[in-house]
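Below is one structure; the comments refer to it alone.
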């Protein structure tokens, strides 16, 4: 892989990100992504996608896929993403994603893609039985980003390797076609609280919508009673809340809960520990649950309202797809010309 430095990119500063419409969204999605999506609207032109083509790499769900896409769109809007300021659309509505992905398949090297650890994690011992789409997922992800010449991508640590692949593909495309500034080399945006929220039952595992136990996560649609029950049953230990960060060492579940409290209240971990240090979890957990319920209840209510109004959601998604195509189609036309593909 190349580590060459790109010349100064002179195009617009543009953010691209997306979420898969699989299962339901949870607290980790909100703190690690949605909350950041909202803030980035004040700094960049933002394009936010629901990546249904990625979702089918791990098994089709034709009966529920469209409604799951609507649920993610509802979460975007309920969290504060403004469809008048940002572009919200479904990936498959812009066919240039797949066209650019094929061109990038001819740019990326097998060795690059084989090093992607997420494929190994998802495929497990049955890698030979996995779909080619699951293996090729990171190349489609590169096409998602670079189709809009995005300069910044909000990502978690687990996706940083995929973004590095996007940069490598962009750099090789630019070099191969003697177009040193054609694609930008997108930068990760991973700073800020809440980037990695862990399971409520196991502090060594990331909070996940695919975990079979619903008690491991706070769903964005959970009501106050469900949140209180899950937080009260969250794994901790017999010791009180520590008084400083050093006291969190070796206490992964406690560190996770304190980190969640800090992220939700937009405070430093040190400030949370100053308030609750030395107190038992019988005090801390109810305070955390009440804080979470106050933060998430309005979002859950707005999600329910939006998902019941499919006409409004579909109008937002159609408008977003039109805006996305208006950006993607001219860029794809440039790519076709650079590559030398026939054009009528």
Helix axis angle, 252-265 relative to the chain longest principal axis, alpha carbon, degrees
80
When the chain is treated as a Gaussian network with springs between alpha carbons less than 10 Å apart, the largest mean-square fluctuation among 283, 269, 107 is found at 283
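Between residue 266 and residue 245, 0.36 nm times their residue separation minus their Cα-Cα distance comes to what? Each step should come with its number before you reach the end.
Working: separation 21, 0.36 × 21 = 7.56 nm, distance 1.68 nm.
Net length gain for the segment: 5.9 nm.
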In nanometres, what is the gap between the two model label sites at residue 304 and residue 318, each 7 Å from Cα along Cα-to-Cβ?
2.8
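Using 0.36 nm per residue, how much length does the chain from residue 208 to residue 102 gain when fully extended, once their Cα-Cα distance is taken away?
Numbers: separation 106, 0.36 × 106 = 38.16 nm, distance 3.01 nm.
Residue separation times 0.36 nm, minus the Cα-Cα distance, leaves 35.1 nm.
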The chain: angle of helix 65-79 to the longest principal axis, Cα-based, in degrees nearest 10
60
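Need the full-extension length gain, residue 126 to residue 176, defined as separation in residues times 0.36 nm minus the C-alpha distance. One decimal, nm. Each step should come with its number before you reach the end.
Working: separation 50, 0.36 × 50 = 18.00 nm, distance 3.52 nm.
That works out to 14.5 nm of additional length.
Taking only C-alpha pairs under 8 Å that are 6+ residues apart, what is the relative contact order of the chain in percent? Let's see the in-between values first.
Numbers: 514 pairs, mean separation 77.7, N = 344.
Across the chain, relative contact order equals 23 percent.
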Can you give me the distance in nm between label points at residue 67 and residue 294, each placed 7 Å from the Cα along the Cα-to-Cβ direction?
3.5
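Does the stretch 214-305 come out rounded, prolate or oblate, given a ≥ b ≥ c as the square roots of the eigenvalues of its C-alpha gyration tensor, rounded meaning a/c under 1.5 and, failing that, prolate meaning a/b above b/c?
Prolate, because a/c is 1.5 or more and a/b exceeds b/c.
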Using only Cα atoms and rounding to the nearest 10 degrees, what angle (0 to 90) does helix 160-176 make with the longest principal axis of the chain?
10
Measure off 7 Å from each Cα along the Cα-to-Cβ vector at residue 161 and residue 114, then give the distance between these two points in nanometres to one decimal.
1.5
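Is the C-alpha gyration tensor of the chain telling us rounded, prolate or oblate? Criteria: a/c under 1.5 is rounded; beyond that, a/b larger than b/c is prolate, otherwise oblate. The partial results should precede the final answer.
Numbers: a/c = 1.93, a/b = 1.66, b/c = 1.17.
In terms of gyration-tensor shape, prolate.
For an R0 of 41 angstrom, estimate the FRET efficiency from the Cβ-Cβ distance between residue 8 and residue 237 and round to the nearest 0.05. Don't jump to the answer; show the numbers that get you there.
Numbers: r = 51 Å, r/R0 = 1.25.
Computed FRET efficiency for residue 8 and residue 237 comes out at 0.20.
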Using a Gaussian network for the chain with springs between C-alpha atoms less than 10 Å apart, which of these wobbles most: 226, 74, 324?
226
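Bear in mind that the values in this text are calculations on the coordinates, not laboratory data. Note that the structure is a prediction, hence the values are computed from the model and not measured. Don't worry about glycine lacking a Cβ; one is built from the backbone with ideal geometry, like all the others, and counts go over all protein chains shown.
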